[in-house]
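The values are calculated or read from the model by the stated rules, or taken from the named source; none is laboratory data. Worth saying up front: this structure is predicted, and the values here are computed from it rather than measured. Neighbour counts run over all protein chains shown; Cβ positions are idealised from the backbone, glycine included. Heads up: the accessible areas ignore ligands, DNA and RNA and are worked out on the full protein's heavy atoms, side chains in. Shrake-Rupley method; radii C 1.70, N 1.55, O 1.52, S 1.80 Å.
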There are 2 protein chains.
Amino acid sequence: MLRNLRRIGSIVPTNVNYCTHARNFLPQLTKDRYPDVKRGDYAVLNENHLFHFVDLLGVEKVLNDPSDCEKYNIDWIKNVRGFSQCVLKPESTEEVSQILAYCNEHRIAVCPQGGNTGLVGGSVPVFDEVVLSTELMNDVISIDDTSGVIVCQAGCILEALDQFLSEKGLMMPLDLGAKGSCHIGGNVATNAGGLRLLRYGNLHGNVLGLEAVKADGEIVDCLSTLKKDNTGYHLKHLFIGSEGTLGIITTVAIQCPPRPNAINLAFLGLESFEDILTTFRKAKQELGEILSSCEMIDAKSLDVSTGHCQLKSPIKEFPFYMLIETSGSNNKHDEEKLNHFLENVMNDGTVLDGTVTNEPGKMRAIWELRERITEGLLHDGYVFKYDISLPIKDFYSLVPAMLEKVGKDAVRVSGYGHIGDGNIHLNISVPEFRPDILRKIEPYVYEFTSNLKGSVSAEHGIGFRKQKYIHYSKSESAIKLMKDIKKMMDPNGILNPYKVLP
Amino acid sequence: MLRNLRRIGSIVPTNVNYCTHARNFLPQLTKDRYPDVKRGDYAVLNENHLFHFVDLLGVEKVLNDPSDCEKYNIDWIKNVRGFSQCVLKPESTEEVSQILAYCNEHRIAVCPQGGNTGLVGGSVPVFDEVVLSTELMNDVISIDDTSGVIVCQAGCILEALDQFLSEKGLMMPLDLGAKGSCHIGGNVATNAGGLRLLRYGNLHGNVLGLEAVKADGEIVDCLSTLKKDNTGYHLKHLFIGSEGTLGIITTVAIQCPPRPNAINLAFLGLESFEDILTTFRKAKQELGEILSSCEMIDAKSLDVSTGHCQLKSPIKEFPFYMLIETSGSNNKHDEEKLNHFLENVMNDGTVLDGTVTNEPGKMRAIWELRERITEGLLHDGYVFKYDISLPIKDFYSLVPAMLEKVGKDAVRVSGYGHIGDGNIHLNISVPEFRPDILRKIEPYVYEFTSNLKGSVSAEHGIGFRKQKYIHYSKSESAIKLMKDIKKMMDPNGILNPYKVLP
C-alpha cells in the first residue's frame, strides 16, 4: 500500500462556517441539561493513564489542557457539551488499536470523533469520555483510476477527497453540506446520506471495504477493494451506521463513480407541496438516469439563507422551491431532456418560475442557498432539529402539524430536504432552549412519524439525542438483537457510551 | 399489509432448463464424496418429530417419502447430494418461526432452500438435515408505484416479480440466468449479483428491509420500506449474504428502479482480452449513465451455447465476445450514444465485428447465448465451477493459467462473466469427477486468486463447497468475528450447518 501518497487534510477550505453568533456562547453541560442520564461505571482519568497515552503517541498527540479540549467537547450546533479532559490523536490503525486495548483493560470510556459535524450529539463526550480524534489520520493510501476505487484513512475530509478524485475524472459518491469539515470515517460510521443519494445510492452500496478496531483493540480487516465478494458474512455493514459504538473505523475503500461530463442545475419556484410531488414524479420519468439530485426548500427555510446568510435567490419569492440537478455524459442530450421537462412543467403551471444553469459559479450560488440553511438557522437561537423519513405523499405534512403544536413559541418552523429520498429536515428554532417547548415537540414529533411508518432519523443517526426514541422506528426484536451485538463486540461498553442504544 | 395481493409463483415458466443429460444420473452422496466432513451432533429425525411437523403445518406441507424428497436433496448442477428424509413447506413467517423454535429445542439441523439454483452446494442438505423450502411463501404483499418499493415473501420467483413489476413501469434491480427458478429470498440470502449489478448496484443497496427468523424462532422485524433510516445498527445486512446460517429470510422489501423506456443490446466480436479492456473503458466513458450491462464470453464458452444448446450466434467466430447493453429514458439519445461508441471502437479496430438491436426477440436470443452457458456446460460431464473476482487487468489471466495446470484432463477450460464488475466465471469441465483433477485445480485456483487480492467467491457464495477456502479471501480477524456472530445468533448451530464457516 502506498502510504502518505498525498496528505490532503489541511489544504481544503472549511465549508461549514461556524456562526459567529453561535460561537460566542458555551452551551449548558449535557450532564446538567439531561440530568436523568447517569455517568457509567467507567474509570476516572488519572495521571497514569495520561502518561501511558503520551508514551504511546508522543506528547503532541495528547491534549489535556481544558482550553485545547474545549472544541472537542461541543458539537457545532451548540446543542450538547461534555467535559473530557483528554483528546487523543492517533495517526495509524495500530495506534488506535493500542489506545483501545488499553482503555478496554482500564475501563476508560472513549468517544470517537471525526469532523465533529454531527447533528445528534453523537460525536462529542456526554461526560468525561476520552476523545479519540481521527484528524491526523488523513492519508490517501491508493487510488485506482480504472476501477474507481479510493482507499484512505478515516480522517480524510470529504471535500478534499472529492477534489483529489476530480483530477482522475472521478467523484465521491456522496456530498453533503458539511463536506468541508466532515471526515470520511465519520460519514461511513454514520451512514451519511446527503444530496446525491438519489443517484449514487447509500454507503452500504458504495463502501467496498473497511478496517475497524474493536473495543478490545483487535483490528478487523475487511478492507476489500473488490466490487463483488461473497465470502462469508458482510461484516463491514456492522460498522457502517453504528456510530462508533461497535468499533472505530480507521480505513475505508470506496467505489467512486466517474465525474459527469455535464451538470445542469435548475432552481424552481412552486405554489404548493402537491406541485412539488408532481414535479418530482415528472422529473423521475423524463430525466430518468441523469437525475442526480432533487431537493425541496420551503419559504421559511430559504428565508434563512437569504436573510441570515445574506445570499441572493435567483428568482422571486414563492411558497416552495426545488433544486433539480442532472449529471450525464453528453451535455447536448442532457440539456434537451432538461429543457423538455422544464417546458412541460412550466407550461402546465406546475412550476411558476425557474432558472437553469450549467455555469459552475452560478450552480455553486444556488447550492449555497440549500447547503447553508443549517448553519444560518443557528442565528435564530436554539434549534430543535429533526431528520425524518416519511412516505413521500406525507413528506411535508409534518411542518404544518408542528407549527400548530408549538405555535408562537417558535421563531420559525420550517422544512427542507431530499424529496427524492423521502427525507425531510424539520427545524424548529426558538430564542433559547426551553424544556417546556421541548415537551410540546417531543415525543409528538416521533409519534407522528411512527404513525406514518417513517423513520425518526433518516440520515443523521441516533447519537446521544435520539436514543430514547429509537423504538419509534425499530421493532423490539431488532433492538434486542442490536443489544446482543453490542454486548458481544464491546462487553465493557467503552465505545461511545450513552449513544445509539437506549 | 395486503396479504395475498396476488399469488404469482406458479404462473411463470422456468428459465433454468435442467439438462436431460444431467437429469438421468444421481450424483454421489456428499457424505461419500467428502468423507472428511463429519455429521454434527444433531438429533436423528424420528416419528415424534414428523408428527409434530404435521400437526404444525398440515400433512400436505410435510414431505417424507424418499422419492418426494429427492429433488430437494440434489443441487441442480448435480454436484452434491444429501439424504434428508423430511421437507417442510411453511406458508408464513409464523410457521417458519414455529418450525425453528422446535428444531432448536430438539437440536434438529435445518437446511433452508429457495429455488435450489445455487452453485456452491449451499441450498441442499449435506447429511440428513430437514429441508425448509420457501416454495409456498410466494405472496406479493404490497407494491408502491410512487416509491417503487415491492414487499413480498421470500419464495417469490425473481422473474415472476419482474413480470409483475413491469405492469407498474418498474423492474427488479437484479437479473440472473436462474431468474425463472430462483427465489428472491435465496437471492437476498446469497447476495446474488447477476447481469445488471454494474448499473443498479448490489442487494445491500437495494434491499430496504427484511424480516428473518433466528435459529431460536424469534422473528426479527427489520421490514422497513424507507430509502433512508439511520436508527441503530443496520441489521438487515447481517442476513444479506449469510446464506441462511444466521436466520431464515421470510419477507423482503426491495427498491425497484423504473423500467427503462429504451434498451439496446450490442453483441461484439474481439481479438484479444486487451481489446475487451479497451472497449469496456470506452463504454464507461461514452455510455456513462446508460450502460446497464457489460459482459464478456470467451470462444470456448460460446461454443457451449452454440454447440450443446444449439443456439445461433449473430456474428461469425472470434476469440472473444462482449455483450453491451444500454438502458435509458430516451431512445434517440441512447442510440446516438451507442452508435457513436460503436463507430469509434470499430473504426479503430478494437472491435472486429458486431451487431446491435433493440428488438425484444433478438435481444432475448443474444442474452440466451450468455445465460445458457451454465446449463449447457453440464453436457460436458462434471464441471468444476469457480466464481472469482479479480482486479480488472488480471481478469482473464486465470483461464490460461488453469488450462496449463489441468492440460488434457479437461474437456474444456473456459471463462465468461461480468467484466464491468471484475467477476469471471471459470469453468473446468471433465468427463466425470476425479479427485486427482480436483487436486490439480485446488487449492491452486484459490492461491492464484489470493495472490492477486481477488475473491474466491464473487457472487455465488461459500455454501458447502468453498468453506475450506474462505481464508483465501478473508482475514483471520474477520473470520473470528464471523464465528462470534454465528455463535451468538445460532448457539446450537442448527441453521444450514457445514456451510459458509470453516
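Where does the range A:262-373 land on the Kirkwood hydrodynamic radius, alpha-carbon pairs, in angstrom? Please report the intermediate quantities before stating the final value.
Values: mean 1/r = 0.0718 Å⁻¹.
Kirkwood hydrodynamic radius for the range A:262-373: 13.9 Å.
Within a 10 angstrom radius of each residue's Cβ in B:201-210, how many Cβ atoms of other chains show up on average? Whole number is fine.
Working: counts 8, 7, 3, 11, 7, 3, 1, 0, 0, 0.
Counting other chains' Cβ atoms within 10 Å and averaging over B:201-210 gives 4.
In nm to one decimal, list the spacings between the A:Leu438 label point and its equivalents in the other copies, with label points set 7 Å along Cα to Cβ, shortest first.
6.4
From the P(r) of the range A:207-255, can you give the percent of Cα pairs sitting at distances over 16 Å? Working shown, then result.
Details: 382 of 1176 pairs.
More than 16 Å apart: 32 percent of the Cα pairs in the range A:207-255.
Which distances, in nm and shortest first, link the A:Ser142 label point to the same label point in every other copy, taking 7 Å along Cα→Cβ?
Result for A:Ser142, in nm, nearest copy first: 4.5.
Report, in whole Å, the centroid distance computed from the Cα atoms of the range B:77-155 and the range B:442-494.
If we compute the Cα centre of each part, the gap is 22 Å.
Among all the aspartates and glutamates, which ones have a C-alpha under 19 Å from A:Lys483's C-alpha, if same-chain residues fewer than 8 places away are not counted?
Straight-distance partners of A:Lys483: A:Asp41, A:Asp216, A:Glu243, B:Glu211, B:Asp216, B:Glu218, B:Asp221, B:Asp229, B:Asp484, B:Asp490.
Which links in A:Lys385/A:Lys480; A:Lys38/A:Lys474; B:Lys71/B:Lys453; A:Lys408/A:Lys453; B:Lys38/B:Lys78; A:Lys214/A:Lys453 stretch past 31 Å when you go from one Cα to the other?
Values: A:Lys385/A:Lys480 27 Å; A:Lys38/A:Lys474 24 Å; B:Lys71/B:Lys453 37 Å; A:Lys408/A:Lys453 29 Å; B:Lys38/B:Lys78 21 Å; A:Lys214/A:Lys453 33 Å.
Beyond 31 Å between Cα atoms: B:Lys71/B:Lys453; A:Lys214/A:Lys453.
Would you check the accessible area of A:Thr350, probe 1.4 Å, heavy atoms only, in square angstrom rounded to 10?
Accessible area, nearest 10 Å²: 10 Å².
Leaving ligands, DNA and RNA out of it, rank A:Thr93, A:Thr117 by accessible area with a 1.4 Å probe, largest first. Let's see the in-between values first.
Working: A:Thr93 5, A:Thr117 30 Å².
The ordering from most to least exposed comes out as A:Thr117, A:Thr93.
Measure nothing but the geometry: give the 0 to 90° angle between the long axis through the Cα atoms of B:273-287 and the longest principal axis through the Cα atoms of chain B, rounded to 10°.
Relative to chain B, helix B:273-287 is tipped by roughly 90 degrees.
Taking amide H atoms as placed 1.01 Å from N in the peptide plane, list the residues 5 or more away in sequence, or in a different chain, whose amide H sits under 5 Å from that of B:Val351.
Amide H to amide H, under 5 Å and 5 or more residues apart or across chains, B:Val351 pairs with B:Met346.
Roughly how tilted is helix B:476-489, in degrees to the nearest 10 and between 0 and 90, from the longest Cα axis of chain B?
40 degrees
Taking only the alpha-carbon positions of the protein assembly as shown and ignoring solvent, what does the Debye formula give for the base-10 log of I(q)/I(0) at q = 0.05, 0.06, 0.07 Å⁻¹?
Results for the protein assembly as shown at q = 0.05, 0.06, 0.07 Å⁻¹ read -0.30, -0.43, -0.59.
Beyond a 27 Å Cα-Cα separation, which of these cross-linked pairs lie in this structure: A:Lys284/A:Lys393; B:Lys284/B:Lys362; A:Lys236/B:Lys31; B:Lys227/B:Lys466; B:Lys31/B:Lys486; A:Lys179/A:Lys466? Working shown, then result.
Numbers: A:Lys284/A:Lys393 15 Å; B:Lys284/B:Lys362 24 Å; A:Lys236/B:Lys31 34 Å; B:Lys227/B:Lys466 34 Å; B:Lys31/B:Lys486 24 Å; A:Lys179/A:Lys466 23 Å.
Where the Cα-Cα span goes over 27 Å, the pairs concerned are A:Lys236/B:Lys31; B:Lys227/B:Lys466.
Scan chain B and report its longest stretch carrying no GluC sites (Glu not before Pro) that are both in a DSSP loop and have at most 11 other Cβ atoms within 10 Å. Mind showing how you got there, number by number?
Values: sites that count: B:Glu167, B:Glu432.
So the longest stretch without any such site is B:168-431.
Lys and Arg at +1, Asp and Glu at -1: add these up for the other residues within a Cβ distance under 13 Å of A:Leu208 and post the number. Mind showing how you got there, number by number?
Working: positive: A:Lys227, A:Lys228, A:Lys236, B:Lys453; negative: A:Asp144, A:Glu211, A:Asp229, B:Asp421.
Charge balance in the 13 Å sphere: 0.
Hey, what's the range A:140-255 come to in accessible area per residue, 1.4 Å probe, Å²?
Numbers: 2280 Å² over 116 residues.
Per-residue accessible area for the range A:140-255 comes out at 20 Å².
Can you give the mean number of other chain Cβ atoms that lie within 10 Å of the Cβ atoms in peptide B:446-456? Working shown, then result.
Working: counts 0, 0, 0, 0, 0, 0, 0, 4, 4, 7, 3.
What the average comes to for B:446-456 is 2.
Of all accessible surface on chain B at a 1.4 Å probe, what whole percent is carbon and sulfur? All intermediate terms of the calculation are to be shown ahead of the outcome.
Working: 8740 of 17780 Å².
Carbon and sulfur: 49 percent of the exposed surface of chain B.
Please compute how much accessible surface disappears when A pairs with B, both sides summed, using a 1.4 Å probe, and round it to the nearest 100 Å². Show your work: numbers first, answer last.
Numbers: alone 20940 and 20930 Å², together 35580 Å².
Summed over both sides, the interface buries about 6300 Å².
Against the empirical 2.2 N^0.38 Å scaling, what ratio does the C-alpha Rg of the range B:139-255 come to?
0.98
Taking the full set of protein chains and a 1.4 angstrom probe, give the accessible area of A:Ser450 in square angstrom, rounded to the nearest 10.
Around 40 Å² of this residue is reachable by solvent.
Taking the Cβ of B:Val130 as the centre, find all other residues whose Cβ is under 13 Å away and add up their charges (Lys, Arg: +1; Asp, Glu: -1). Spell out each step's value before the answer.
Details: positive: B:Lys61, B:Lys89, B:Arg107; negative: B:Asp128, B:Glu129.
Here the count lands on +1.
Which distances, in nm and shortest first, link the A:Glu336 label point to the same label point in every other copy, taking 7 Å along Cα→Cβ?
Reported distances to equivalent positions: 0.3 nm.
Once the cut-off is 43 Å, how many percent of the Cα-Cα pairs in chain A end up in the long-distance tail?
Tail of P(r) above 43 Å: 14 percent of Cα pairs.
Could you rank A:Met489, B:Met363 by how accessible they are, 1.4 Å probe, largest area first?
Per-residue accessible area, sorted high to low, gives B:Met363, A:Met489.
On the full set of protein chains, 1.4 Å probe, figure out the accessible area of A:Trp76 and give it in Å² to the nearest 10.
Solvent-accessible area, nearest 10 Å²: 20 Å².
Once you put a point 7 Å from the Cα of A:Arg107 and another 7 Å from the Cα of A:Asn344, both along the Cβ direction, what distance in nm separates them?
Between A:Arg107 and A:Asn344, the simple spin-label model gives 6.4 nm.
Lys and Arg at +1, Asp and Glu at -1: add these up for the other residues within a Cβ distance under 11 Å of A:Thr374 and post the number. Don't skip to the end; give the middle numbers.
On the way: positive: A:Arg370, A:Arg372, A:Lys385; negative: A:Glu371, A:Glu375, A:Asp387.
Net charge around A:Thr374: 0.
For peptide A:390-396, how many partner chain Cβ atoms fall within 10 Å of a residue's Cβ, on average? Show your work: numbers first, answer last.
Working: counts 1, 6, 4, 3, 0, 0, 0.
Across the residues of A:390-396, the mean count of other-chain Cβ atoms within 10 Å is 2.
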